[in-house]
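Below is one structure, written out as structure tokens, with a few remarks after it.
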Amino acid sequence: MAQIRKICCIGAGYVGGPTCSVIAQMCPEIAVTVVDVNEDRIKAWNSENLPIFEPGLQEVVESCRGVNLFFSTDIDAAIVDADLIFISVNTPTKTFGIGKGRAADLKYIEACARRIADLASGFKIVIEKSTVPVRASESIRRILTANTKCSLSFQVLSNPEFLAEGTAITDLKNPDRVLIGGDETPEGQQAIKTLSSIYEHWVPKNKIITTNTWSSELSKLAANAFLAQRISSINSISALCEVTGADVGEVAHAIGTDCRIGNKFLKASVGFGGSCFQKDVLNLVYLCEALNLPEVANYWQQVIEINNYQRRRFAARIIGSLFNTVTDKKIALLGFSFKKDTGDTRESSSIYISKYLMDEGAHLHIFDPKVKKEQVIQDLSHPSISEDDPDRVLRLVTVCADPYEACNKAHALVISTEWDMFKELDYERIYKAMLKPAFIFDGRRILDDLHAKLQNIGFQVETIGKKISQRLPFTTNHNHSKVDRQFPPTKKMKN
Ligand code: NAD
Ligand code: UDX
């Protein structure tokens, strides 16, 4: 079995950084170098302020940075030195050309393969860690074979990453499984064993699954599609709950106790966000279309449709409750990241809810404990969100340093990310400072236990997947199908 002394990881993002930090911590005899074209990102990895917020990450990085963990922009040197190279670059949805809005853009993967082919010699194991369409590793292999300059011999493996943001370090240290796909040839099997031996430093062998390359690539897309589908399924039921009097929390509990269904990933919400679910489901849809499987493509497309519907529906409920107009009203939006415990805003539902409210002329006062002001402004200034009116964000959006400031003189408070701190706020203080009737829209159901208390304070409480009988006389007619008809998105949203 090849001895691995040096690892290079191309891409110092949410996957490359944490994954290689944990490998370095668990394998002190291996030197791990994480490289990136983005100088600022590398600078941040080498500083006290890491470029991403992830619980437990700082401690792991500090335990081995400068010892056997290095962050560098010298990509070429790291490729030349490495025995094993992870490709962890981004694979975003294409925004132009064939497959626009659905297919994965593989230009960064191809650039890595070409760079490896240009520089590498001897034997290297090249590992596809990024999420890719099925058979992408075949492209890497062909590029390496066609372009090798220094008599390179290699094996290409698929080793998709299953970490979730916010829990990346625990996921990496205690994974449900590690998946490695490779060639069925003796050389391919040998390379699988070599990669497996790295994970075996801390992962029990029975959790390391080996498959052929295509199964591994497809399993990653399928896993994300199944998870996203569960959220769309429970969100579709939440719509039904709001008009029937059923409570989606109770329904989720009742169905989740069936061990065949299980209780995870059944939290109704404002819709899933993040850089992976939408991208990977769309990638799957595109793959099915390209392979002439339109029925399968349509099936998975519905997961996205329900997610978009849930975001629109929630915004429509806010507008409907606020007497069908939010124009010039102040709305406090608490939470901007796509989930708690991360500063990542990619595809966050908060962006879409903000868009719908801005389309109606609402003034948004946004607070998030981990998202910087520049990021909020950048996300909301994207042409697909700002409706080609770049000044709109400056006119309508204020980013606040604390939640109380955001709620001061607001007509409504909207919770769109489930940060724990939002459960602990002083709601009496907030109520006193808000305009009346004061509305709370709980898009994450984090205030479920507080509804009676909040109503006693005087709030009008609206929550996803539950019809709450209000005690005050300001009842509104929540006919969502009617509101939805009155409130179509003006233009197709960025997807
Ligand atoms: P990211 O955008 O945070 O990081 C990717 C990094 O790659 C960027 O810093 C970029 O500058 C760098 N890069 C791009 N091309 C490069 C090149 N040619 N040379 C050197 N550096 C280059 O992306 P991410 O969130 O870390 O995701 C990476 C991959 O992992 C994607 O395919 C994603 O789908 C997958 N994935 C992500 C997660 C997640 O939670 N974010 C989880 C599992 C899998
Ligand atoms: C996901 C996968 O979980 C992970 O395995 C994969 O490697 C990358 O994609 P991530 O996107 O980081 O991870 O976070 P995840 O916890 O899956 O949440 C995604 C979105 O779904 C978030 O917006 C979250 O708030 C939402 N969600 C999750 C729900 O709305 N309800 C749930 O029950 C669970």
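Under 5 Å between amide H atoms, partner at least 5 residues away or on a different chain: which partners does Ile127 have, H built in plane at 1.01 Å?
Ile85, Phe86, Ile87, Leu157
For the chain, what relative contact order do you get, as a whole percent, if you take Cα pairs closer than 8 Å and at least 6 residues apart?
In percent, rounded to a whole number, it is 12.
For Phe226, Phe154, what's the fewest-to-most ordering of other Cβ within 10 Å of each Cβ?
By the 10 Å Cβ count, ascending, the order reads Phe226, Phe154.
Determine the dipole magnitude for segment 11-118: charges of +1 sit on the beta-carbon of Lys and Arg, -1 on that of Asp and Glu, nothing else is charged, the reference point is the Cα centre, and the result goes in debye to the nearest 20.
In debye, rounded to 20, segment 11-118 gives about 640.
In the chain, what percentage of the DSSP-assigned beta bridges are antiparallel, given to the nearest 5?
Antiparallel bridges make up about 5 percent of those DSSP assigns within the chain.
Multiplying the sequence separation of Gln58 and Trp202 by 0.36 nm and subtracting their Cα-Cα distance, what value in nm do you get?
Here the answer is 49.9 nm.
Can you compute 3J(HN,Hα) from phi for each residue in segment 67-75, using the Karplus curve 6.51 cos²θ - 1.76 cosθ + 1.60 with θ = phi - 60°, rounded to whole Hz and x for Gly and Pro?
Working through the residues one at a time gives 9, 10, 10, 9, 10, 8, 9, 7, 5 Hz.
Could you state the number of Å between the C-alpha centres of segment 3-62 and segment 152-231?
19 Å
With an 8 Å Cα cut-off and a minimum separation of 6 or more residues, compute the relative contact order for segment 1-153 in percent.
The value is 24 percent.
Tell me the relative contact order for segment 221-287 as a rounded percent, counting alpha carbon contacts under 8 Å between residues six or more apart.
47 percent
Can you list the residues, at least 5 places off or on another chain, whose amide H is less than 5 Å from the amide H of Phe53, using H built in the peptide plane?
Gly343
Using θ = phi - 60° and the Karplus relation 6.51 cos²θ - 1.76 cosθ + 1.60, list the HN-Hα couplings for segment 426-436 in order, rounded to whole Hz, with x at every Gly or Pro.
Those phi angles translate into 7, 6, 5, 4, 4, 4, 4, 7, 8, 6, 10 Hz.
Across segment 328-341, in residue order, what do the Karplus-derived ³J(HN,Hα) couplings come to in whole Hz, using 6.51 cos²θ - 1.76 cosθ + 1.60 with θ = phi - 60° and x for Gly and Pro?
With the stated coefficients, segment 328-341 comes to 6, 8, 8, 10, 8, 10, 9, x, 10, 6, 6, 7, 6, 6 Hz.
Taking the Cα centre of the chain as the origin, how large is its charge dipole in debye, to the nearest 20, when only Lys and Arg (+1) and Asp and Glu (-1) carry charge on their Cβ atoms?
The calculation lands at about 1020 debye.
What does the charge count near Arg5 come to, summing +1 for each Lys or Arg and -1 for each Asp or Glu among other residues with Cβ under 14 Å from its Cβ?
Charge balance near Arg5 sits at -1.
For Cys276, what residues show an amide H to amide H distance below 5 Å, using hydrogens built from the backbone and excluding near sequence neighbours?
none
Give me the mean projected area, in nm² to one decimal, of the convex hull enclosing the Cα positions of the chain.
Over every viewing direction, the Cα hull of the chain projects on average to 23.8 nm².
Under a plain spin-label model, where a point goes 7 Å from the Cα along Cα-to-Cβ, how far apart in nm are Ser151 and Leu394?
For the pair Ser151/Leu394, the computed spacing is 6.2 nm.
Give me the dipole magnitude in Debye, nearest 20, for segment 18-67 about the Cα centre, with unit charges on the beta carbon: positive for Lys and Arg, negative for Asp and Glu.
It comes to approximately 60 debye.
Throughout, read-outs are computed from the coordinates displayed, never taken from laboratory work. Computed from a prediction, not measured in an experiment: that's the story for all the values here. With ideal geometry, Cβ positions are generated from the backbone for all residues, glycine too; neighbour counts draw on all protein chains shown.
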